Amino acid sequence: MEILDLRHFSSVDLRPLLEDEIGVWSRLLSWDYGGSADMILRYVDAKILPGYAAIDRGRIFGYAFFVYEGSKGVIGDLFVANGGRLPDPHDVESRLLTHVIETLQQSPGIRRVEAQLLMHEAGVVTQPFMQQGFSRHARLFMLLTLEKASKPAPPSHADIEIRQWSEQDYQPAAAVITTAYRGHVDSEINDQYRTLSGSLRFLNNIVRFPGCGTFDPESSFAAVHKRTRTLVGLILCSRVRQDVGHVTQVCVLPEYRSHGIGESLLAATTANLRQRKFSLLSLTVTEANARAVELYLRLGFDTKRVFDAFVWEG
Ligand SMILES: CC(C)(COP(=O)(O)OP(=O)(O)OC[C@H]1O[C@@H](n2cnc3c(N)ncnc32)[C@H](O)[C@@H]1OP(=O)(O)O)[C@@H](O)C(=O)NCCC(=O)NCCS
């Protein structure tokens, strides 16, 4: 088995592995990974995707890639096929990750590395990260079966109304996100939340790019103060499969919390998706974010997987 630079290969070499990966994403997460796979293959053909491939008898059976975002490196994906006469997948995952981590840590100007490995059960691929001084945060992948979630929206704060997301919410949403995550564990995991420009980049990735499904404005909502018309909270939802929604963001300004606004935002999204015959709604949440986890459990979400987020600051 050899580990080689991903840029030696083309989409023809990588496609069979990504077909396998699409099957695994569908089975484990109810996500259609097809759009992301197409994007990865386009970048591979353009020779602009940094990463590594594991080769056995001339065939790619594992890969990992990363992206540079200013002084940060983000590990985008890690996938190794399993079965037949292939080498032990965990060993190959460790070797691919070790190459990726070393490359990022030695890249001039890179001061931070983030990774969220949604498809890998917590604890399974920790070793290469822990050896290189990363911190680790457990995150939950939660799923709600929409036909079972029949709770009506609770009465919200008397001064607040919930209305559909609009393009004009974009700038104020970045400000709400930055305030909502100040001192929050999630801004340790994702440093974009710490600044207004970072939150705008986060929104841009979610709303304008198909990295995490396709943004679905119809099931995304804003909580607005009735008198001042200012934004106090929001929920953003993407379509990750034809009948599956995924909450990419939900937050409420600190001074408006504990009045049922978070619950009303989630109820608005679930009601919209149910009406459009979606069957599932998923989200991810940091295990230490106990208030949010409690809220999701109360609304009928089940924890389907526990995975790790890793962060390194150089
Ligand atoms: C998670 C979050 C969106 C919840 O928003 P919220 O508006 O406070 O949520 P709700 O008010 O609907 O429910 C939260 C709590 O308020 C309670 N509550 C609801 N209505 C209430 C009312 N009228 N009076 C008092 N308490 C009330 C709920 O019972 C719940 O309490 P519990 O968690 O102890 O059971 C908010 O805390 C937040 O923005 N956190 C930071 C960002 C974040 O973590 N987002 C989630 C990432 S996955």
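The values are calculated or read from the model by the stated rules, or taken from the named source; none is laboratory data. Computed from a predicted model, the values in this text were never measured in an experiment. FYI the Cβ positions are ideal-geometry reconstructions off the backbone, even for glycines, and counts take in every protein chain you see. Note: accessible area is taken over every heavy atom of the protein model, side chains too, but ligands, DNA and RNA are not part of it. Shrake-Rupley method; radii C 1.70, N 1.55, O 1.52, S 1.80 Å.
Which residue, of Thr303, Thr270, Thr284, is within 15 Å of the ligand (Cβ to nearest atom), farther than 21 Å from Asp169 by Cα, out of contact with any Cys (no Cβ under 7 Å at 6 or more places or on another chain) and open to solvent by less than 50 Å² (accessible area, probe 1.4 Å)?
Thr284
Which residue is most open to solvent (accessible area, probe 1.4 Å), if the candidates are limited to segment 287-300 and must be among the charged types (D, E, K, R) and within 8 Å of the ligand (Cβ to nearest atom)?
Checking each candidate, the answer is Arg291.
Can we say Gly183 is surrounded by 13 or more Cβ atoms within 10 Å (Cβ to Cβ) and of a type outside the set (Ser, Thr, Tyr)? Don't jump to the end; show me each part of the working.
Values: surrounded by 13 or more Cβ atoms within 10 Å (Cβ to Cβ): no; of a type outside the set (Ser, Thr, Tyr): yes.
For Gly183, the condition - surrounded by 13 or more Cβ atoms within 10 Å (Cβ to Cβ) and of a type outside the set (Ser, Thr, Tyr) - is not met.
Do we have Ala223 as of a type in the set (Gly, Ala, Ser), within 10 Å of the ligand (Cβ to nearest atom), open to solvent by 10 Å² or more (accessible area, probe 1.4 Å) and modelled with pLDDT of 95 or more here?
no
Going through Gly262, Gly245 one at a time, which residue ends up being touching a Phe, Trp or Tyr at 6+ places or on another chain (Cβ under 6 Å) and farther than 30 Å from Glu102 by Cα?
Working: Gly262 fails: touching a Phe, Trp or Tyr at 6+ places or on another chain (Cβ under 6 Å).
The match here is Gly245.
Here are Glu218, Glu161, Glu188: which of them is touching a residue at least 12 places away in the same chain (Cβ under 8 Å), within 26 Å of Lys72 (Cβ to Cβ) and either touching a Leu at 6+ places or on another chain (Cβ under 6 Å) or not in a loop (DSSP other than H, G, I, E, B) (or both)?
Only one candidate passes the filter, namely Glu188.
Quick one: in segment 133-152, which of the residues that are open to solvent by 70 Å² or more (accessible area, probe 1.4 Å) and part of a loop (DSSP other than H, G, I, E, B) is modelled with the highest pLDDT?
Here is the first cut: in segment 133-152, the residues open to solvent by 70 Å² or more (accessible area, probe 1.4 Å) are 136, 147-148, 150-152.
From what's left, part of a loop (DSSP other than H, G, I, E, B): 147-148, 150-152.
Working: Glu147: 85, Lys148: 71, Ser150: 60, Lys151: 64, Pro152: 65.
Result: Glu147.
State whether the residues of segment 63-70 include one that is under 20 Å from the mean Cα position of the chain (by Cα) and among the hydroxyl-bearing types (Ser, Thr, Tyr). Reasoning before the result, please.
First, pick out the residues of segment 63-70 that are under 20 Å from the mean Cα position of the chain (by Cα): 63-70.
From what is left, the residues that are among the hydroxyl-bearing types (Ser, Thr, Tyr) are 63, 68.
Yes, segment 63-70 has at least one match.
Determine which single condition Gly70 fails, assuming it passes every other condition in (1) at pLDDT 95 or above; (2) open to solvent by 50 Å² or more (accessible area, probe 1.4 Å); (3) closer than 30 Å to Arg194 by Cα.
It is condition (1) that Gly70 fails.
Checking the structure you have, find out if any residue of segment 228-245 is in contact with a Gly (Cβ under 7 Å, 6 or more places away or on another chain), within 9 Å of the ligand (Cβ to nearest atom), open to solvent by 10 Å² or more (accessible area, probe 1.4 Å) and outside any helix (DSSP H, G or I).
no
Take residues that are within 21 Å of Val125 (Cα to Cα) and tell me which of the helices (runs of 4 or more DSSP H) falling wholly in segment 5-108 contain 3 or more.
11-29, 89-106
Can you tell which of Leu6, Leu78 is open to solvent by less than 10 Å² (accessible area, probe 1.4 Å) and under 30 Å from Leu144 (Cβ atoms)?
Exactly one residue qualifies, and that residue is Leu78.
Here's a check for you: in segment 118-132, which residue that is in contact with a helix residue (DSSP H, G or I) (Cβ under 9 Å, 6 or more places away or on another chain) and assigned to a strand (DSSP E or B) is nearest to Asn289 (Cα to Cα)?
Per the criteria, the residue is Leu118.
Is it the case that some residue within segment 253-275 is under 30 Å from Phe134 (Cβ atoms) and in contact with an Asp or Glu (Cβ under 8 Å, 6 or more places away or on another chain)? Walk me through it before giving the result.
Step one: list which residues in segment 253-275 are under 30 Å from Phe134 (Cβ atoms), which gives 254.
Cutting the leftovers down to in contact with an Asp or Glu (Cβ under 8 Å, 6 or more places away or on another chain) gives us none.
No, segment 253-275 contains no residue that is under 30 Å from Phe134 (Cβ atoms) and in contact with an Asp or Glu (Cβ under 8 Å, 6 or more places away or on another chain).
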